[in-house]
Amino acid sequence: MAYFECIHLGKTYKTPTGNAVIVQDFNLTIEKGEFVCIIGHSGCGKSTVLSMVAGLNDISDGTVVLGEREINGAGPDRGVVFQAPCLLPWMTAFDNVMLGVDQVYYHATREERRQIANYYLAMVGLAGSMHKRPAELSGGMRQRVGLARAFALSPRMLLLDEPFGMLDKLTKFELQQVLLDLWNRERLTAMMVTHDVDEAIYLADRIIMMTNGPAAGIGDILSIKFERPRDRSEIMNTELYYEYRDHLIHFLEERASVRPALAG
Ligand SMILES: Nc1ncnc2c1ncn2[C@@H]1O[C@H](COP(=O)(O)OP(=O)(O)O)[C@@H](O)[C@H]1O
Ligand SMILES: [Mg+2]
C-alpha cells in the first residue's frame, strides 16, 4: 500500500439550487518522502483537496489514507502551512512554535522541547529574532515561523497551500530555498498547492495538474527529473526546464476561461 493515497476523493456542497460537485473521483498516491505540487486554475478545487487531506474540511466521497490509516479529522501528524500563518499575536515566534512542539513531544523534557523549537527556528534563519512577536516580524519572517512550526512537529505529511503567494518575488525565492533546504534534510512527504509553474518545477518530484471545476479531478501528471539538491539557475539553464514549463503552461492555457472576442 502506498504511504499516502486519495481514493475516489470527492467534495460536494449542498446549495439552495442543488448539489455543487467541486471535486470528483480524485485519485492520487504519494510515496514516502515525495514532494508533490498541485497546480490548476483559480477556483478549481486545489484548496478543497488539501483541506480535506488536512482534515479541516469534511470529505463527501472516498477516503484519504496516510501511513496505513484512514484520516479522520485534523491532527498534528499533518503539518499545515497556509498563505498567512495563524500566529498568536501576543506570543513570541518561539512560543508559537512551542505550542505545537509541546503537543507532539509531551513525553520530552521542557529543555528538549525548547531545543527542538530552537533548532527549527534557527534552520529557517530566525536565530536572532525568535523572541519577537508576530507584529515585529515581516510577512516573510512570519512565514518562516510557519515553516518552522510545521517541520518542528515532525509530521507524517506536510501540507502547504500557496504558502508564498502573498510575498514579493525576492522573499518568495528566499522562502522556497528555506523550504527546500529543510525538506532536503528531513525528506518529509509533501503536498503543496501553487499556481506558480516555476515554483512547482523547482520544488516538486511530480506536478499534478487539476482540471477545471465543476467536478474537478486530475488531468495530467508531470514527473520532474532534476536531481537533488537542486540549484535554481542550473536547472533553468537546461532545455528540459523549458519542456516542463511548456507542458504545464499548455495544460493551463487549454483550460483558460474563454475570453470575450475583441470587437471589430
Ligand atoms: N461552502 C461552499 N459552497 C459551495 N461552493 C463552495 C464552498 N466553498 C468553496 N466552494 C467552491 O469550491 C470551488 C473550489 O474552491 P477552492 O478549492 O478554494 O479552489 P482553488 O484553491 O483551486 O482556487 C470554488 O469554485 C468555490 O466557489
Ligand atoms: Mg486555493
Name every residue in the stretch 72-85 that is in contact (Cβ under 8 Å) with a residue 60 or more places away in the chain, over 20 Å from E34 (Cα atoms) and either more than 16 Å from ligand 1 (Cβ to nearest atom) or not in a loop (DSSP other than H, G, I, E, B) (or both), in order of residue number.
-> P85
Residues (more than 20 Å from R78 (Cβ to Cβ) and either part of a strand (DSSP E or B) or among the basic types (K, R) (or both)) located in the stretch 148-176 | K169, K172
Which pairs have Cβ atoms under 8 Å, sit 6 or more apart or on different chains, and link a residue in the stretch 177-197 that is within 26 Å of C44 (Cα to Cα) and part of a loop (DSSP other than H, G, I, E, B) to one that is of a type in the set (S, T, N, Q) and within 16 Å of ligand 2 (Cβ to nearest atom)?
-> H195/S42
Subset of the stretch 52-71 [within 10 Å of ligand 1 (Cβ to nearest atom) and surrounded by 22 or more Cβ atoms within 10 Å (Cβ to Cβ)] = M52
Kindly establish whether I235 is touching an Asp or Glu at 6+ places or on another chain (Cβ under 7 Å), without any contact (Cβ under 8 Å) to a residue 40 or more places away in the chain and of a type outside the set (D, E).
-> no
Within the stretch 83-98, the residues that are modelled with pLDDT of 95 or more and surrounded by 15 or more Cβ atoms within 10 Å (Cβ to Cβ) are L87, T92, A93, F94, D95, N96, V97, M98
The stretch 3-33 - residue that is closer than 16 Å to K46 by Cβ and β-branched (V, I, T) and, of those, nearest to the chain's Cα centre (by Cα) | I30
If we keep just the residues of the stretch 59-71 that are touching a residue at least 12 places away in the same chain (Cβ under 8 Å) and either among the charged types (D, E, K, R) or part of a strand (DSSP E or B) (or both), which is farthest from ligand 2 (Cβ to nearest atom)?
-> E68
I208 vs. criteria touching a residue at least 40 places away in the same chain (Cβ under 8 Å) and over 24 Å from D77 (Cα atoms) | no
Has the stretch 159-177 got at least one residue that is on the phi > 0 side of the Ramachandran plot and at pLDDT 95 or above?
-> yes
Among what's in the stretch 21-51 and is surrounded by fewer than 17 Cβ atoms within 10 Å (Cβ to Cβ) and away from ligand 2 (no atom under 16 Å from the Cβ), pick the residue that is farthest from M192 (Cα to Cα).
-> D25
If we only count strands (runs of 3 or more DSSP E) wholly inside the stretch 1-50, which ones have 3 or more residues that are within 17 Å of I71 (Cα to Cα), at pLDDT 95 or above and more than 8 Å from ligand 1 (Cβ to nearest atom)?
-> 4-15, 18-30
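The values are calculated or read from the model by the stated rules, or taken from the named source; none is laboratory data. Note that the structure is predicted; figures quoted are calculated from it, not measured. Glycine also receives a Cβ, built like all others from the backbone with ideal geometry; neighbour counts cover every protein chain displayed.
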